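Engineer: One structure, as structure tokens, below. Some questions next.
Read-outs throughout are calculated quantities, based only on the coordinates presented, and are distinct from any laboratory measurement. All of these numbers come straight from a predicted model, not from anything done at the bench. Quick reminder, even Gly has a Cβ in these numbers, built from the backbone with ideal geometry, and neighbours come from all protein chains shown.
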């Protein structure tokens, strides 16, 4: 942020039907840094300014941001969005994205090239570039998750792919962990205890969830992989949380859903949410235990968590 770019956190003289940047970020899921980049570098939005220079966004601006997100979800690059919006003032026509290369495929190829060379500065530069232009959840779903899935599908085929997967995993763990810590410290929303189920050693899904949660204003207490459920009751006794969110992609251990999870739900005193692909296969058992199954998709999971917590107030 430069001297000529004052902070946007406390706008003065806010007129009716105009919203500060933090409110717009919460409404659209696009963080303030990205909104500023869309304004400065691509002239996609033009918020008005107060006398002190704070940005204020109209409903038209918010609708335009959502249209931008629609285009980005189609694989359109941010550099092409402006011209498409100018040519198509109405709703985006499905199929138009086929005329343009998929920006996410290009990012994936660039990141794979850096990974194969074990070049962390290059990897970091590409990842940071994506984050500066695209919302966090889009980077997660269209870039990070496909890369991790690709390694998981092909690890038996190439001799070095295990080292490459570990290189990427360590990088992401450090990167995501630092962002989660930084954002969570600034937030004042509900505190979520986030951990992996017993026997679950893959942390990446949990970390991606935690990062998106803090991007939406939540605070997080992240406990990592393979967490015994009986310990969590003592944890929340020492550090009260509004909810527990558990992640699992591995088959649950015997007795976990029949004994361990019901015991946690009974003693926790707060909602217990369980997510992950495998958990969808055990939805009935999760719900019979008194927990709430939120599936594997982060955005619907966060909406369900938000609605549950709001209803409990």
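Engineer: With the Cα gyration tensor of the chain giving a ≥ b ≥ c as the square roots of its eigenvalues, does the rule (a/c under 1.5 for rounded; else a/b larger than b/c for prolate; else oblate) give rounded, prolate or oblate?
Structural biologist: Judged from the Cα gyration tensor, the chain comes out oblate (a/c at least 1.5, b/c at or above a/b).
Engineer: Let me ask something else. Can you classify the stretch 163-288 as rounded, prolate or oblate using the Cα gyration tensor, where a ≥ b ≥ c are the square roots of its eigenvalues, rounded means a/c under 1.5, and otherwise it's prolate if a/b beats b/c and oblate if not?
Structural biologist: It comes out oblate by the Cα gyration axes.
Engineer: Please give the length that would be gained between residue 299 and residue 66 if that part of the chain were fully extended, namely 0.36 nm times their separation in residues minus their C-alpha to C-alpha distance (nm, one decimal). Kindly include the intermediate steps, with their values, before the conclusion.
Structural biologist: Numbers: separation 233, 0.36 × 233 = 83.88 nm, distance 1.52 nm.
Fully extending the segment from residue 299 to residue 66 adds 82.4 nm.
Engineer: Between residue 173 and residue 283, what is the FRET efficiency for a Förster distance of 22 Å, r being their Cβ-Cβ separation, to the nearest 0.05?
Structural biologist: My answer for the efficiency is 0.15.
Engineer: Under a crude label model (7 Å from the Cα following the beta-carbon direction), how far is residue 253 from residue 73 in nanometres?
Structural biologist: About 3.9 nm separates the two model spin labels.
Engineer: Subtract the Cα-Cα distance of residue 22 and residue 113 from 0.36 nm times their separation in residues, and report this length gain in nm to one decimal.
Structural biologist: 29.2 nm
Engineer: May I pose another question? Going by C-beta contacts inside 10 Å, put 132, 77, 184 in order with the fewest on the left.
Structural biologist: Fewest to most other Cβ atoms nearby, the residues stand as 132, 77, 184.
Engineer: Now for a separate question. Can you show me the helix-derived [θ] at 222 nm for the chain, built from DSSP H runs with n ≥ 4 at -39,500 (n - 2.57) apiece and divided by the number of residues, rounded to the nearest 500.
Structural biologist: -16500 deg cm²/dmol
Engineer: Right, something else. Give the relative contact order (percent, whole number) for the stretch 103-176; include only Cα pairs under 8 Å separated by 6+ residues.
Structural biologist: 33
Engineer: What does the extension gain come out to for residue 310 and residue 48, with contour length at 0.36 nm per residue minus their alpha carbon separation? Don't skip to the answer; put the middle values down first.
Structural biologist: On the way: separation 262, 0.36 × 262 = 94.32 nm, distance 3.23 nm.
Value of the extension gain: 91.1 nm.
Engineer: Take peptides 274-281, 31-38 and line them up by average Cβ neighbours within 10 Å, highest first, as a rough protection proxy.
Structural biologist: Answer by packing, highest mean first, reads 274-281, 31-38.
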